[in-house]
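Colleague: Before we start, here is the structure in question, set down as structure tokens.
The values are calculated or read from the model by the stated rules, or taken from the named source; none is laboratory data. Since this is a predicted model, take the numbers as computed values, not measurements. FYI the Cβ positions are ideal-geometry reconstructions off the backbone, even for glycines, and counts take in every protein chain you see. When the accessible area is computed, the model is the full protein with side chains, heavy atoms only, and any ligands, DNA or RNA have been set aside. Shrake-Rupley method; radii C 1.70, N 1.55, O 1.52, S 1.80 Å.
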Amino acid sequence: MTGALLLTGALMGLAGTPHCVSMCAAGCAAAAKRCAPQSSGRALAALLLGRLLAYAAAGAVAASVIEGARWFVDGTGWLKPIWTMLQLALLLLGVWLLLRGRLPPTIEAWAEQLGRPPVTGQVQKIHLPGELKAFGLGTLWPALPCGLLHAALLVAAVASGPIEGAGVMAAFGATSSLALVIGPALWLRLLRGGSAAGAATLNPAWAIRMAGAAIVVAVGWSMGHALLTDLAPAWCA
């Protein structure tokens, strides 16, 4: 499944390019300019590097959690029904993403709460080089309440291990970064043409459906493999 999941992550990033342009390109350009007014190009590169590394780390963590649960269940027979229910839940979630092209409303609401910044009384300024500040901002990108991002994390979660999970999110981050490189220029053109409001409503539905299809295939393969493994001794006896 390695090649298929990596390809899915890359294609999701490409399919979500219009969404990334409308939702994140202007913010990336503004952040880079604010962090390093005299070298905004280098700051943007640092931000995208931080974003890519953070995506890869998030993918590795997501895959590690599921792999750890799988390993624990394999060593504890009585937990297998719970593992099967979890797999069925992932399968149903994949079918939902495939048919609806969006995350379930409950997950969307939770993601929005997670992405809100904490309320503090006073903001302390951090005195660091502009590129380093931009890099730090990039590492916070996985916390954004983005349905496309969380769908990609779900694909990484069904990977065979942390390396593959990191690869899926790195592929997604690399291809979606194209939008954040060319996006500022396109954004300015949309603003001049009066179409920015329409661009901000672009929906990454097909990219999310692609994630759903990948989850359905991966979970189906995993459950089918487990079923065949359990039936093989009785069949061959």
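Colleague: Please enumerate the residues belonging to segment 55-74 that are surrounded by fewer than 20 Cβ atoms within 10 Å (Cβ to Cβ) and closer than 19 Å to residue 135 by Cα. First the steps, then the outcome.
Modeller: Restricting attention to segment 55-74, the residues satisfying the condition of being surrounded by fewer than 20 Cβ atoms within 10 Å (Cβ to Cβ) are 57, 61, 64-65, 67-74.
Answer for segment 55-74, where residues must be surrounded by fewer than 20 Cβ atoms within 10 Å (Cβ to Cβ) and closer than 19 Å to residue 135 by Cα: just 57.
Colleague: Yes or no: residue 130 farther than 22 Å from residue 212 by Cα and surrounded by 22 or more Cβ atoms within 10 Å (Cβ to Cβ)?
Modeller: Numbers: farther than 22 Å from residue 212 by Cα: yes; surrounded by 22 or more Cβ atoms within 10 Å (Cβ to Cβ): no.
No.
Colleague: Answer with yes or no whether residue 31 is of a type in the set (Gly, Ala, Ser) and either at pLDDT 85 or above or farther than 14 Å from residue 135 by Cβ (or both). Outline the logic, then answer.
Modeller: On the way: of a type in the set (Gly, Ala, Ser): yes; either at pLDDT 85 or above or farther than 14 Å from residue 135 by Cβ (or both): no.
Taking the combined requirement at face value, the residue does not satisfy it.
Colleague: Mind checking which helices (runs of 4 or more DSSP H) fall wholly inside segment 88-189 and carry at least 3 residues that are modelled with pLDDT of 85 or more?
Modeller: Details: elements: 105-115, 130-139, 147-157.
Passing ranges, in order: 130-139, 147-157.
Colleague: Which one is farthest from residue 172 (Cα to Cα) among residues in segment 12-35 that are surrounded by 20 or more Cβ atoms within 10 Å (Cβ to Cβ) and over 20 Å from the mean Cα position of the chain (by Cα)?
Modeller: Out of the qualifying residues, it is 35.
Colleague: Does residue 48 satisfy the condition of being part of a helix (DSSP H, G or I), out of contact with any Ser or Thr (no Cβ under 6 Å at 6 or more places or on another chain) and modelled with pLDDT of 80 or more?
Modeller: Values: part of a helix (DSSP H, G or I): yes; out of contact with any Ser or Thr (no Cβ under 6 Å at 6 or more places or on another chain): no; modelled with pLDDT of 80 or more: yes.
Taking the combined requirement at face value, the residue does not satisfy it.
Colleague: Going by what's in this entry, would residue 84 be described as within 22 Å of residue 206 (Cα to Cα), open to solvent by 20 Å² or more (accessible area, probe 1.4 Å) and polar (S, T, N, Q)? I'd like the intermediate steps shown before the answer.
Modeller: Numbers: within 22 Å of residue 206 (Cα to Cα): no; open to solvent by 20 Å² or more (accessible area, probe 1.4 Å): yes; polar (S, T, N, Q): yes.
Criteria not met by residue 84.
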